[in-house]
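Please treat every number below as a calculation from the coordinates, not as lab data. Small disclaimer: the values here were computed from a predicted structure and weren't measured. Note: ideal-geometry Cβ built from the backbone for every residue, glycine included; neighbour counts use all protein chains shown.
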Amino acid sequence: MTLPETTQLAGRRRARANGWAGNALRFLVIIVTTYLGLLAVTFFIGRVIPIDPVLAILGDRAPAHVVERTRELLGFNKPLYQQFYIYVRDALTGNFGTSVLTTNPVMADIRRVFPATLELATFGTIIGSLIGVPLGVLAAVKRGSIADQIVRVIGLVGYSVPIFWLALLSLLLFYARLKWVAFPGRIDIVYEYSFTPVTGLYLIDSAWQGQWDVFRDVFRHIILPASLLGYFSLAYISRMTRSFMLNELAQEYIVAARAKGLSESRIIWVHALRNAAVPLVTVIALSYAGLLEGSVLTETVFAWPGLGLYITNSLQNADMNAVLGGTIVIGSVFIAINILSDLLYRTLDPRTRAR
Amino acid sequence: MSEISHPAPMSRREWLMSDRPQSRLQARLGRAYMTWRRFSANRLAVAGLGIILLLILVAVFADALAPHSPVIGNLAGARLLPPGSEGYLLGTDDQGRDILSRLLHGSRLTLLVIVLVAIIAAPIGLLVGAVSGYAGGWVDAVLMRITDIFLAFPKLVLALAFVAAMGPGIQNAIIAIAITSWPPYARIARAETLTVRNSDYIAAVRLMGASPFRIVLRHVMPMCVSSLIVRVTLDMAGIILTAAGLGFLGLGAQPPLPEWGAMIAAGRRFILDQWWVATMPGIAILVVSLGFNLLGDGLRDALDPRESGQ
């Protein structure tokens, strides 16, 4: 190897290291600015929009000295930029203030209610993916047929239906009329005190402890809200699966696979779906994030004691700390899922790997 | 003899489809005609258009169409009557108000929300996107970071927080929804701008001494409008659902306004025995947002065949 070649190689290697570091740095900048933006918006909502945040907390009948003391206590007499600095510092350590409604630190409340939402959204995404992906594949393979039309209509209705209304009607049908599912809530009051959750995910906890009667009860509670959220994400997942599959089925390697004499089902489910799965991961991750949001309305209808119900309850009681804390947590999960799905896409798709 | 010098008279259709338009008007009408032909071939899209036109007509003529007052009910004689009762086609609610009349009047609120959100959010997105794409450099970087920050937000939750701070009411709900819906438009406008900013006609305009302001406003933004219209139409259903969700949580239009989401919330208490109170407004929401989705899909296929999922 001659000298110029080696230096060239070293140069290229350095460039690659720079590229990697540059990518990581850009990623970091994106994460930091997005999170700061999130905090800036919630700060704006909590401190700038209300004419006087102290009055918002105390009401307008509080005596002047109480107002002054509270203002000092909460640091609202400082200039805005200092307030923002304190706000960011507190938020980074997970301190979102105290909930007026429950008198607990907001973070403690959120930690208590979050597993319920997590369990619901996860179960919903599983249902949505398990049904949505095969439906999308079916629609793509039988393109233009009755099956394709039906899948399209299912998806369109899923996009167009108000989820809280569907939730109410399904409660009417499956709980009140057919008695297939349990009363709104997460667990029957009978088990409320005999069952000690560990992770907060009741399905896993009860199965882990071998309490199958509890498991059955929890399942009867979760199945309806999770199915509704699942339908919500199914609409999106099946539509995207269809378009990804159509894209793959038009490729030449499919023709080659057919020419080799592979069975049609193998071509569809192994060859085509495998390639369609790469962008699908992103779609499923995004719909998971969407379910966290969709749970706000669903939880209200099903009295599901999760983050959504916590936020709406706090809203009704003008408990801004709790509302903004919940917003920040959901926003953070959104950002995290976005970044994770991006990373996952990069590792799964060989074309986007750094050469 | 003068007849010979004129070309053979064309049918109106041939005039529209001519590939050598004689005037700017003919070219424009011809393109609109082609788009309409592609659009009207899609029966579902036409159905969607029909639903939206019906919504507009109902909103305009709500006073004439509604058999009863939307806010004043008959508490003594007509509480919670089932659908099909004498004079009350869709039944009455707990205040003895005719549900059909409330739905007809509620279409005005729905229309108000979507029109105002579109009027506020689309120009913001268009401006941010076009400026960002045309300017490039640090302006682009900063504007797109801000856009991404808003995109990273869960829309409904952010709208909830905004309304919580500003106080419930239909104006605040509209503002909150508009604030949360402009970022995708900025993204689209930027992408469109990037495809035209290096084209020859922009260079020609620049050579003629047009200011960047004029270029963006007169020569870049019009190019973004068609894809923006498609996206706004597709988003309408989401806007309606968000507004209904806010109404359902009691943060949108306040009673006694006949907002469909709030009507569902009011009917929730009677769902077990008087199912129609909550069911009817939900059907209205479903039909209207279905209409917008069908229309949006059809428009996308007609205006931009590349983007369609076919």
Using only the alpha carbons of chain B, determine the length spanned along each of the three principal axes and report them from longest to shortest in whole angstroms.
-> 78, 64, 33
Before anything else, pin down the relative contact order of the stretch B:151-310: Cα pairs under 8 Å, at least 6 apart, normalised by residue count, whole percent.
-> 23
Kirkwood Rh for the stretch B:111-190 from C-alpha pairs, in Å, is 12.9
Among B:204-216, A:152-164, how do they line up from the highest to the lowest mean number of other beta-carbon atoms within 10 Å?
-> A:152-164, B:204-216
Springs between alpha-carbon atoms under 10 Å, Gaussian network over chain A: tell me which of A:G308, A:G94, A:G59 tops the mean-square fluctuations.
-> A:G59
Sort the following peptides by mean Cβ neighbour count (other Cβ atoms within 10 Å, averaged over residues), highest first: B:76-83, A:34-41.
-> A:34-41, B:76-83
One finds the C-alpha centres of the stretch A:292-355 and the stretch A:81-95 to be spaced, in Å, by 21
Between A:A207 and B:V115, how many nm apart are label points set 7 Å from Cα along the C-beta direction?
-> 5.3
How long is the gain from B:Q254 to B:L75 if the chain were fully straight, where each residue apart is worth 0.36 nm and the alpha carbon distance is subtracted?
-> 62.4 nm
With viscosity set to 1.306 mPa s and temperature to 10 °C, compute the Stokes-Einstein D of the stretch B:49-167, Rh being the Kirkwood radius across alpha carbon pairs; µm²/s, no decimals.
-> 88
Within 10 Å of each Cβ in peptide A:296-307, how many partner chain Cβ atoms are there on average? Round it to a whole number, please.
-> 2
With label points built 7 Å along Cα→Cβ from the Cα atoms of A:R89 and A:F44, find their separation and express it in nm.
-> 2.4
Please work out the Cα center distance from the stretch A:224-242 to the stretch A:130-148, rounded to the nearest Å.
-> 14
Once you put a point 7 Å from the Cα of A:V198 and another 7 Å from the Cα of A:R111, both along the Cβ direction, what distance in nm separates them?
-> 1.9
Chain A: relative contact order from alpha carbon pairs under 8 Å, six or more residues apart, as a whole percent, is 24
Dipole of the stretch B:88-231, positive direction: furthest Cα of B:L104, B:M208, B:L126, with charges on the beta-carbon | B:M208
Could you give the semi-axes, largest first, of the ellipsoid that matches the stretch A:106-353, computed as the square roots of 5 times the alpha carbon gyration tensor eigenvalues and rounded to whole Å?
-> 36, 21, 18
Partner shielding of B:143-153, taken as the mean number of other chain Cβ atoms within 10 Å, equals 5
Considering the convex hull of the alpha carbon atoms of the stretch A:72-205, report its projected area averaged over all viewing directions, in nm², one decimal.
-> 14.2
Would you calculate a helix-derived [θ] at 222 nm for chain A, using -39,500 (n - 2.57) for each DSSP H run of n ≥ 4 and dividing by the full residue count, to the nearest 500?
-> -24500 deg cm²/dmol
Name the residue, out of A:H65, A:H221, A:H271, whose mean-square fluctuation peaks in a Gaussian network model built on chain A with Cα pairs under 10 Å.
-> A:H65
Once you list every other residue whose beta carbon is under 9 Å from the beta carbon of A:G308, what net charge do they have if Lys and Arg are +1 and Asp and Glu are -1?
-> -2
Per residue of A:152-161, other chain Cβ atoms within 10 Å number on average 5
Cα point-scatterer Debye curve for the protein assembly as shown, base-10 log of I(q)/I(0) at q = 0.05, 0.11 Å⁻¹ | -0.29, -1.34
Expected max-MSF residue from A:D90, A:D342, A:D217 in the GNM of chain A (alpha carbon, under 10 Å) is A:D90
